[in-house]
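J.: One structure, as structure tokens, below. Some questions next.
Laboratory data are not the source of any read-out in this text; all were calculated from the coordinates shown. Please read these numbers as outputs of a predicted model, since none were measured by experiment. Note that each Cβ is placed from the backbone with ideal geometry, even for glycine, and that neighbours are counted across all protein chains shown.
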Protein chains: 2
Amino acid sequence: MNYCGECGARLSIRIPKGDHLPRSVCDQCNTIHYQNPKIVAGCIPTWNDKILFCKRAIEPRWGLWTLPAGFMENKETTAEAAARETREEANAIIENMALYSVFSLPHISQVYMMYRGQLKDGLASPGEESLEVALLNEDAIPWDRLAFPVIEKTLRLFLEDRRQNQYRVHNVTILKHPDGFEFEELP
Amino acid sequence: MNYCGECGARLSIRIPKGDHLPRSVCDQCNTIHYQNPKIVAGCIPTWNDKILFCKRAIEPRWGLWTLPAGFMENKETTAEAAARETREEANAIIENMALYSVFSLPHISQVYMMYRGQLKDGLASPGEESLEVALLNEDAIPWDRLAFPVIEKTLRLFLEDRRQNQYRVHNVTILKHPDGFEFEELP
């Protein structure tokens, strides 16, 4: 960020009075431009034993498989965002939504919030951001062609909980190391 | 937002190609300026039967009581943000943190994420943003002088769960109506 969105002046970077972190500050109109993590909301839509996957028609990770998810918009609830993304990416309605996971990805300042729920009537088709959608049994999941570590970890937790028929909300941090990703689950 | 943070040009408001919502768009450098909900992270710090409260030394709601909470920063996890706010506002350390609630406040585009946990050594004192801190039993909670509806609802859920000694993660939407607030809890 180089210019003030309010008045157009050049920004400085400094720690405002009473603050403890450097911010982009406008010396002309005194606006402080905070930058905060973004929420990605999505769903694990199920239909009997199957899970709905989308093949990405957009970058990053074009052509890889994912669960329907995307950036939450202003004025939405987290569940509305998750349902909207499922509608946009897979033309699918999800019922009986329940919060399933909250993942922090501090290296990219994102928080993923995934809901589980049933796919209405088993119906889905590719939206504009998907090349293809598929309802897959556990043994058909393309583990080596999943788009993101957060999606793989969410699925592994979900399948384990489903086997035990005992679901709980998982709060996980994904840490990026030079040689890969580390997952830390809070109690 | 009036000016482009990247190049300083005047912004237009329009729906970008492939999008479905109006955005602030720069016609000079083609940057699209998305605006997204912010996360507020905080804690319900307990010490035996007591809960730690802070009296706000800042606006809004100066002089009213709240739980330690504040805006999550980039590069943090949600738990780190909650712990940092507790440290800043109450000079307190919280142990055995567990995610307790996720509240959507769509009218102000915020998502509150509160953790429960134990106050280390029962120690707390007012930070710069607090006039006072207090460890209060349930019957001493100043219900009519709490700062925010999200804090009141979080506390009521927490006290009910504590009575039953059965905690779960609550996912709640707060809707603002002309005559007050409505709370909707997801299953």
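J.: Mind pulling up the Rg/Rh value for the stretch A:1-114? Radius of gyration and Kirkwood radius, both on Cα.
T.: Computed over Cα atoms, the ratio is 1.13.
J.: Something else about it: Give me the percent of DSSP beta bridges within the stretch B:39-114 that run antiparallel, rounded to the nearest 5.
T.: Restricted to the stretch B:39-114, the bridges split so that about 75 percent are antiparallel.
J.: Over the alpha-carbon set of the protein assembly as shown, divide Rg by the Kirkwood Rh and report the Rg/Rh ratio to two decimals. Mind dumping the intermediate values first?
T.: Values: Rg = 21.6 Å, Rh = 22.2 Å.
Computed over Cα atoms, the ratio is 0.98.
J.: Further question: Can you give the calculated 222 nm mean residue ellipticity of chain A, where each DSSP H run of n ≥ 4 adds -39,500 (n - 2.57) and the sum is split over every residue, rounded to the nearest 500 deg cm²/dmol?
T.: Estimated from H runs of four or more residues: -5000 deg cm²/dmol.
J.: Also, quick follow-up: List, largest first, the extents of the alpha carbons of the stretch B:95-151 along their principal axes, each in whole Å.
T.: 36, 29, 27
J.: With an 8 Å cut-off on Cα pairs and a minimum separation of 6 or more residues, tell me the relative contact order of chain B in percent.
T.: 20
J.: Additional query: Can you work out which chain A residue has the shortest Cβ-to-axis distance for the rotation that carries A onto B, and give it in Å?
T.: A:Val169, 2
J.: Please rank A:Ser101, B:Ser109, fewest neighbouring Cβ atoms within 10 Å first, as an exposure proxy.
T.: Ascending Cβ contact count within 10 Å gives the list B:Ser109, A:Ser101.
J.: Give the long-range amide H neighbours of B:Arg14: residues separated by 5 or more places, or on another chain, with amide H under 5 Å away, using H modelled in the peptide plane at 1.01 Å from N.
T.: Placed amide hydrogens put B:Arg23, B:Val25 under 5 Å from B:Arg14.
J.: Once you have the Cα-Cα distance between A:Ile32 and A:Trp62, take 0.36 nm times their residue separation minus that, and quote the gain in nm to one decimal.
T.: Fully extending the segment from A:Ile32 to A:Trp62 adds 7.2 nm.
J.: For A:80-86, what's the mean count of beta carbons from other chains sitting within 10 Å of each residue's beta carbon?
T.: So the per-residue partner count for this stretch is 1.
J.: So between A:Asp144 and A:Ile108, what do we pick up on full extension, going 0.36 nm a residue minus the alpha carbon distance?
T.: 10.7 nm
J.: In straight Cα distance, which lysines are under 18 Å from B:Lys50, not counting same-chain residues fewer than 8 positions off?
T.: Within the straight-line limit of under 18 Å, B:Lys50 reaches these lysines: B:Lys120, B:Lys153.
J.: Of all beta bridges DSSP finds with both residues in the stretch A:1-155, what is the antiparallel percent, to the nearest 5?
T.: Rounded to the nearest five, the antiparallel share is 75 percent.
J.: Could you give the dipole magnitude of chain A about its Cα centre, charging the beta-carbon of Lys and Arg +1 and that of Asp and Glu -1, in debye to the nearest 20?
T.: Roughly 400 debye, rounded to the nearest 20.
J.: Further question: Around B:Glu88, with a cut-off of 10 angstrom between Cβ atoms, what is the net charge of the other residues, counting Lys and Arg +1 and Asp and Glu -1?
T.: Counting the neighbours of B:Glu88, the net charge comes to -2.
J.: Next question. Order these peptides, B:45-52, A:123-130, by their mean beta-carbon neighbour count within 10 angstrom, highest first.
T.: B:45-52, A:123-130
J.: List, shortest first and in nm to one decimal, how far the label point of B:His33 (7 Å from Cα along Cα→Cβ) is from its counterparts in the other copies.
T.: Reported distances to equivalent positions: 0.8 nm.
J.: What would the Debye formula give as log10 I(q)/I(0) at q = 0.12, 0.16, 0.18 Å⁻¹ for the alpha-carbon point model of the stretch A:38-185, no solvent?
T.: -0.44, -0.82, -1.06
J.: Shortest first, in nm, what separates the label point of B:Lys75 from those of the same position in the other copies (7 Å along Cα→Cβ)?
T.: 3.4
J.: Further, regarding this structure: Taking the highest mean first, how do the peptides A:79-87, A:146-154, A:30-38 order by number of other beta carbon atoms within 10 angstrom per residue?
T.: Put in order of decreasing packing, that is A:79-87, A:146-154, A:30-38.
J.: Can you give the FRET efficiency for A:Asp49 and A:Arg87, using 1/(1 + (r/R0)^6), R0 = 30 Å, r = Cβ-Cβ distance, to the nearest 0.05?
T.: 0.85
J.: Averaged over its residues, how many other protein chain Cβ atoms are within 10 Å of peptide B:15-22's Cβ atoms?
T.: What the average comes to for B:15-22 is 1.
J.: May I ask for the distance between the Cα centers of the stretch B:90-149 and the stretch B:150-187, given as a whole number of Å?
T.: Taking the Cα centre of the stretch B:150-187 as reference, the centre of the stretch B:90-149 is 14 Å away.
J.: Order by neighbour count: A:Cys29, B:Cys43, fewest other Cβ atoms within 10 Å first, most last.
T.: Fewest to most other Cβ atoms nearby, the residues stand as A:Cys29, B:Cys43.
J.: Average partner chain C-beta neighbours within 10 Å, per residue of B:67-79?
T.: Whole-number average of other-chain Cβ neighbours for B:67-79 is 5.
J.: Of all beta bridges DSSP finds with both residues in the protein assembly as shown, what is the antiparallel percent, to the nearest 5?
T.: On the way: 70 of 98 bridges.
Percent antiparallel among DSSP bridges in the protein assembly as shown is about 70.
J.: Right, next: Once the label point is placed 7 Å from Cα along Cβ, list for B:Asp161 the distances to the corresponding points in the other copies, in nm, shortest first.
T.: Counterpart label points of B:Asp161 in the remaining copies fall at 1.4 nm.
J.: Reachable aspartates and glutamates from A:Lys55, Cα under 16 Å, same-chain residues fewer than 8 places away excluded?
T.: Those aspartates and glutamates meeting the cut-off are A:Glu85, A:Glu88, A:Glu89, A:Glu128, A:Glu129, A:Glu132, A:Asp144, A:Glu152.
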